[in-house]
Every structure is written in structure tokens, then in C-alpha cells.
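Asker: One structure coming up, written as C-alpha cells, with questions to follow.
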Amino acid sequence: MNLTFSGKVFSSKVFFARVFALCLLLAGCGQQALADGRVVDKVYHPYVQPYEQEFEYRYVYQKQNEHQNDNDMAQKLGYGRAIADQLALELYVMAERRSPQDYQISGYELELRWMLTEQGQYSADWGMLFELERVNHLGNFEFTTGLLMEKEFGPTSLTLNALAVYEWGNNIENELEGEFRLQYRYRYLPQLQPAFEFYAGENYKGVGPSLMGVQKFEQMKMLKWELAVIFAIDASTVNNTLRFALEYEF
């Protein structure tokens, strides 16, 4: 597959590699920015199933360092569906708690996933992610985009997300940051798949183990779950993070 820009033809592999490298560079540069503590999140796979619909719930709990009094908790509840053979759209409602007294609906997020290549078409499978997030009470916005890649090595799978994040609004400075997520998974059983995850972003690096699984039912119905514990190895405020996700597809 080739891509044409301004009359020039580029190999898709070269194009994706260059964009991926740019996102990795942004992830490194993002370490200079002030941390918002939201680097650990879902590791996205580049696949879209035709006619898929899903309900998704995500939970993240972050334990602060000893000098911090409060711990952060965030939740997302979303509904999504395929709008074309290679495109899926999802809308989330987000809630946050930074202290026991301020748990509230914090904002909304619109997400578009684009499957660029068919599964198995090339040595690796590629996709793109686009997210637009609005923070309710602050009038701030965040736009995220980047490449999703997955490659199989026998019974294991390597998934990489290289993302560029642009923030703007009433209470923050406009800035461009980067995030990088990695998941290396062993497909032991469909219902039980241990993995290792790595995250890098604003003043943060973290690693840790995770478990996930898929339970299929009749027709296209299935239940997916993920549980991860991420330990900070380079962070100014966040210590440990618990990540949980539950997804029902039908």
C-alpha cells in the first residue's frame, strides 16, 4: 500500500514508521511538561470489527507519593459502535475524585478508531486513534491522536501506542505533549492472558504486570476484562496505579 502527498508517493511502511518515530520523540519531549497524572490508561489495539457495538467501563486509581494527602480516582463509561468497516466511534462520560469531597462528572470524550490495515495483511497491523476531551468545570480541551501497532510473535503479541496530545483552554497553557504505551501479552488462553505494560508521558514513566481475558458467547457477543498494577519508576507525584476495564461487545 502506498500513500500520495503533494504529488509524492511514499511506501506505507516508511510513512507509518516516520509518524511513529515522531510520536515517540514527542513522548520524550513530554517529560518536560507539568504532570497531570493521567498517563496510565487503556492500551489500544488497532482493530475494528464490522457492525460491532460495545459498552465499556474503565477505572483508574492512583496512589500519590507519601507527601501527598489525596489519591486520585477516575472512571469512564462509554458506548461505541462501528460506523464503517474500518471506523469505530465511541462517546464517554468521565467522573473524577481528587479528594473524598469532590467526586463529580468531570467531562466528556469522543473517540474515533481507524483500522488502517487488515489483520495479517502486513508483518504488523496498524491503526490510528483520535480523541477529543472536554473538561466540564474548567473549560479546557484535549485532543489526542497517534498510531496504534500490533505484531504477533508466536503465542505472544506486542502492542504499541505512540500518541501526540495537544491541550488548550481557559486554565492551562496551550502545549503539545507526547505519550507512549506498550503491552507485551502472552495468549495463554482466551480467558487468561498475562501481560507486561510500560507507560511514558508527562514527567512519568511506569511499568507493571497485567491480566486480561475474553469470554465469548453466542454470535458476536463477548465480555473482555483487563486488570493492571503499574509502578512508577520516574514520577514527581504519582506512586502506584491500579487500572481496570470491562467491555461488553455485541
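Bear in mind these aren't lab numbers, they're just calculated from the coordinates by the rules spelled out. Note that the structure is predicted; figures quoted are calculated from it, not measured. Note: ideal-geometry Cβ built from the backbone for every residue, glycine included; neighbour counts use all protein chains shown.
Asker: For the stretch 162-204, compute Rg over Rh where Rg is the Cα radius of gyration and Rh is the Kirkwood radius from the inverse mean 1/r over Cα pairs. It would help to have the intermediate numbers written out before the result.
Answerer: Working: Rg = 16.0 Å, Rh = 12.9 Å.
For the stretch 162-204, the value is 1.24.
Asker: Next up: With no solvent and one point per C-alpha, what does the Debye sum give as log10 I(q)/I(0) for the stretch 74-170 at q = 0.11, 0.12 Å⁻¹?
Answerer: So the normalised log intensities work out to -0.44, -0.51.
Asker: For GLU152, GLU197, which order do you get if you count the other beta carbons within 10 Å of each Cβ and list the fewest first?
Answerer: On the way: GLU152 15, GLU197 22.
Result, fewest neighbours first: GLU152, GLU197.
Asker: On to the next question. Fewest first, what order do GLU202, GLU226 take by the number of other Cβ atoms within 10 Å?
Answerer: Working: GLU202 23, GLU226 20.
If I rank by nearby Cβ atoms, fewest first, I get GLU226, GLU202.
Asker: If we count every other residue with Cβ under 15 angstrom of ASN170's Cβ, Lys/Arg +1 and Asp/Glu -1, where does the sum land? Please report the intermediate quantities before stating the final value.
Answerer: Details: positive: ARG134; negative: GLU133, GLU142, GLU167, GLU173, GLU175.
Taking every other residue near ASN170 into account, the sum is -4.
Asker: Convex hull over the Cα atoms of the stretch 115-250, averaged projected area in nm²? Don't skip to the answer; put the middle values down first.
Answerer: On the way: hull surface 40.1 nm².
The directionally averaged projection comes out at 10.0 nm².
Asker: Additional query: So which chymotrypsin sites (Phe, Trp or Tyr not before Pro) in the stretch 51-145 pass both tests, a DSSP loop state and at most 10 other Cβ atoms within 10 Å of the Cβ?
Answerer: Working: sites: TYR51, PHE55, TYR57, TYR59, TYR61, TYR79, TYR92, TYR103, TYR108, TRP114, TYR122, TRP126, PHE130, PHE141, PHE143; in loops: TYR51, TYR103, TYR122.
Loop-located and lightly packed - TYR51.
Asker: By count of other Cβ within 10 Å, fewest leading, how are ARG38, ARG134 ordered?
Answerer: By the 10 Å Cβ count, ascending: ARG134, ARG38.
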